[in-house]
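The values are calculated or read from the model by the stated rules, or taken from the named source; none is laboratory data. Quantities reported herein were computed from a predicted structural model and do not represent experimental measurements. Here the Cβ is made from the backbone with ideal geometry for all residues, glycine too, and neighbour counts use every protein chain on show. The area values use the complete protein model at the heavy-atom level, side chains included, leaving out ligands, DNA and RNA. Shrake-Rupley method; radii C 1.70, N 1.55, O 1.52, S 1.80 Å.
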Amino acid sequence: MLPEEHCATAHKSCACATKKHFGLTLAELLVILLVSSVIMVVLAPVVRKQKSDIGTTSSSSATVGQVLYSYLSPRPECTNSTSDNTLTCTFSAPQGVKFVNIHMVGAGGGGAGATSATTASPTTKTQTSASELSIPIVAGMQNVTVNNLIGGGGGGGGGTWAESEGKAPTSQADCDKYNAKYLTAAQNNGKAVCVTKYNIGDITSATNGGIASSVTTVSANSTSCSANSCCWGQGKTASVCDSSGTSYSGCNRTVCTWYAASASCLALAYNGTKAGDWRLPTKDELAKWKSNIFTINTDQGDNGLRLCDDNSGYGAARCKYSTVCYGSDNGYCSPYNVWSSTAYGSNYYNYYLHNSTFNGPNYSNPRNAYSSRCVYEGSPSTFTSRSGGGGGAAAAMNATIPESIISDNVGGKIVLYAGAGGTGKSSGTGGEGGTSYVYVYNSSNVLKWGIKAPGGNGGNTASSTTYGTGGAKKASNSCQMYNGTSWVATTCTSLGAAGSNGTTKTGIADSGAATGGRGGSSTYNTSTNGGAGGNSSNENGSTGTAYGAGGGGGTANFQKIDSTPYPVIVPLPGKGGDGKGGIASVVYSISSQAAAGGGGAGASYAFLENVPVTAGRTYTVKVGHGGNGGAVNIDGTDGGVTSVQYDGGTYTINGGKAGKKGASGSGTSLIQGLGGALGTSNIPSANLKAGTKGSNASYLSDISSGGNGGKSGINTDGGCGGFQTTDCTNVASSGKNSQYVLPVNLHTTARQFGSAGAGGGGGAWKLAPSSDSGPGGGANGQAGYVYIYWIENN
């Protein structure tokens, strides 16, 4: 049983001996020795409950022999073994000693370290439409950064146009310089024109005789043309003809396929005209000539159209068909036929002069060899295309949301909104881009923090007198921040570019449109990403390609439409391109909460009396070292084994078990570390005072506190777990060790057991950022000791 004085001071619950120590008579001593000898021979060794000290005949004549085995009191007969965490010593029983008394304390288990708070890979949430995206604020959310907040780009302005009417010929004098016949509007189906008086190839004042360079020219009656675009000249092209009485004979007229005639008329460029000013007459124009053919063909002699007739009876030169145009569709030359520019399927309309009548319309294979006349409408109308300005790009704002705003508003939300792009306009200023924002609300939907980035300015539409100017760059302080009570202007992180101005271009319809102003480039990337302005291919401006970029300005195109009686020009004013919508994007990480480590268990204590030994014999004593505290994410280790060998066997106290680490997580997935279990022993419970288990780690708010180390059997308090405030006080994240103190005077009635065998505290963690936030490591358990004493007679 445990000594009464130890029970009275340290172990109130243990069974205690009430018998006092007295001196023994010789008779009593002889009886005891006899009984002990019989028992040791017959039975295995057991723990003696007798209170008298071994070898004592008289307390006044005895001295105490003692030895203490401890890590803090190394002895030469001891060696430290790291393999089993023990101090191994040899004890030799002195001469005359048959029994010893033993106080032994096991080693405490080490506390476990806290786990690390795992941080997931950064998460990006992005909104690119004009609607709100809500992100819940959860525990562990951290490093919340607004990495992109850009408003919508401004819309581009539209294009417009103006026309300056050209001048049609008004008299024969206007046509004389082209050696052409003037036809009034009544004679030419509604529009006055100049008409060449000679066939293509017979116009002596034109370059290359009026034949386009792309046309193949061959001689009549001698050479065959295999190409589509051919003219036959330099020879007689009529079988019966008039060659006298006129300056333009019907005998040697140049005849061409339709392809050659059309190309050559379009190529005419002389006396101030340029390529494209001349053309073949339309079918409807030839039809109008029909009712006036006598007048317009013979009027004023050489001023007439001077067409030839296949059977003339009124003074026109005669030019009957001939079979000398080799390579034409039928091999015939037909100078009395005249090509029009109007198609009929794969054929083309034509008229022919027979017996003073202009017959038609007829249609023929375009490879036939006919006469041609070219028509000039006078100086053309000019058209002015004016384009709109490009929309300006939006401003951008980047910011880090303060940690306190996030941690104080768990349960609230972060709201993202991307402003829409401004609408491109056909007239008026392009629409301004929408504002993008990021707001933080608490759980009661009260705004706590926010920033805004405004959209880009719209580009201006072209007017009747000038092009449109581009949308201006945003002001540097046009962004806003919520300061907790109101919105205040703040400096933007960056500003998008201004939109480019439109342009002006004047010319005839086929000279192309003015290029619209380009939309301003966004700061979303470094490339030119504003929308392109309208152009000759597409009069409408384009939308920007990057978030917050401006739309391109529109322009004005012109479309030439063939209609009766003449082609007309239709203006196509373009619309500005829409601005590209904005973007609102945040990046954040969610850190899982770390679990604290459990405390190590305390070890047991035993007091053994009258343990039999043989004088001079060597015995093995082991003292367990305290278990090691676990580093972060590591369990502690068990306390080492404490044991004493005696003649009948070995008394053993296994060390306290180590605390275990938990599992990081959030909510129900967070598992706190468990305290170490008690170590086992083969010592009878009557002689054993068990320690206590290590306590489990605990969680409160954003703090995971480490478990406290268990008490030892001598009532030494275990080490305090990190951040514990209930059972003990420890403001640091690492577990604490209990101070090891050597025992003294264990052989007396006023025993001092020292401090040994307690468990180490577990490491802890807390969310709040500070120097001691952890995670912390576990503390070491206390080592045990073995104290042996005996009574020697003087």
Could you tell me the ratio Rg/Rh of region 559-637? Both radii from Cα atoms, Rh via Kirkwood. 1.89
Could you work out the per residue convex hull volume over the alpha carbons of region 318-421, in cubic angstrom? 289
Relative contact order as a percentage, region 448-564, C-alpha pairs under 8 Å and 6+ apart, gives 20
With 5 Å bins from 0: P(r) over region 94-140, alpha-carbon pairs, percent: 4, 9, 9, 10, 7, 7, 6, 5, 5, 5, 5, 4, 4, 4, 4, 3, 2, 2, 2, 1
Sequence-distant or interchain residues sharing an amide H contact under 5 Å with residue 436, placed H: which? 151, 152, 419, 453, 455
So if I take the centroid of the Cα atoms in region 772-794 and the same for region 323-395, what is the distance between those two points in Å? 117
With the convex hull built on the alpha-carbon atoms of region 623-764, volume per residue in Å³ sits at 124
Determine ³J(HN,Hα), in whole Hz, for all residues of region 685-700 in sequence, where each value follows from phi through the Karplus function 6.51 cos²θ - 1.76 cosθ + 1.60 and θ = phi - 60°; x replaces Gly and Pro. 4, 5, 9, 10, 10, 6, x, 10, 5, x, 8, 6, 5, 9, 10, 9
Residue-span extension gain [residue 680 to residue 587] - 0.36 nm each, minus C-alpha spacing: 28.2 nm
So if R0 is 22 Å, what FRET efficiency would residue 344 and residue 559 give, r being the distance between their Cβ atoms, rounded to the nearest 0.05? 0.40
If I take R0 = 45 Å and measure r between the Cβ atoms of residue 568 and residue 329 in this structure, what FRET efficiency does the formula 1/(1 + (r/R0)^6) give, to the nearest 0.05? 0.85
Run the simple label-point estimate for residue 729 and residue 80 please: 7 Å along Cα→C-beta, distance reported in nm. 3.4
Rounded to the nearest Å, the spacing of the alpha-carbon centers of region 98-117 and region 500-562 is 84
When Lys and Arg each count +1 and Asp and Glu each count -1, what net charge do the other residues less than 15 Å away from residue 436, Cβ to Cβ, add up to? +2
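Determine the sum of side-chain charges near residue 534: Lys and Arg each +1, Asp and Glu each -1, restricted to other residues whose C-beta is under 15 angstrom from that of residue 534.
In short, +3.
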Partner lysines for residue 452 [C-alpha distance under 29 Å; skip if fewer than 8 residues away on the same chain]: 125, 413, 425, 473, 474, 580
Take the eigenvalues of the Cα gyration tensor for region 92-190, scale each by 5, and report the square roots as semi-axes in whole Å, largest first. 111, 17, 9
Per residue Cα convex hull volume in Å³ - calculated over region 130-243: 356
What residues qualify as long-range amide H neighbours of residue 185, i.e. H under 5 Å apart, gap of 5 or more or another chain, H built at 1.01 Å from N? 192
For the chain, the spread of Cα positions along each principal axis, largest first, Å: 185, 63, 35
The chain, accessible area per residue, ligands and nucleic acids excluded (1.4 Å, Å²): 40
Over the chain, with every protein chain in place, what whole percent of the accessible area is carbon and sulfur at 1.4 Å, could you tell me? 50
Taking region 495-554 and dividing mean pair separation by its residue count, relative contact order in percent (alpha carbons under 8 Å, at least six apart): 32
Sort 104, 481 by accessible area with a 1.4 Å probe, largest first. 481, 104
Evaluate the relative contact order of region 192-276 (contact order divided by residue number), counting alpha-carbon pairs under 8 angstrom at least 6 apart; express in whole percent. 30
Range of Cα positions in region 116-161 per principal axis (Å), largest first: 71, 17, 11
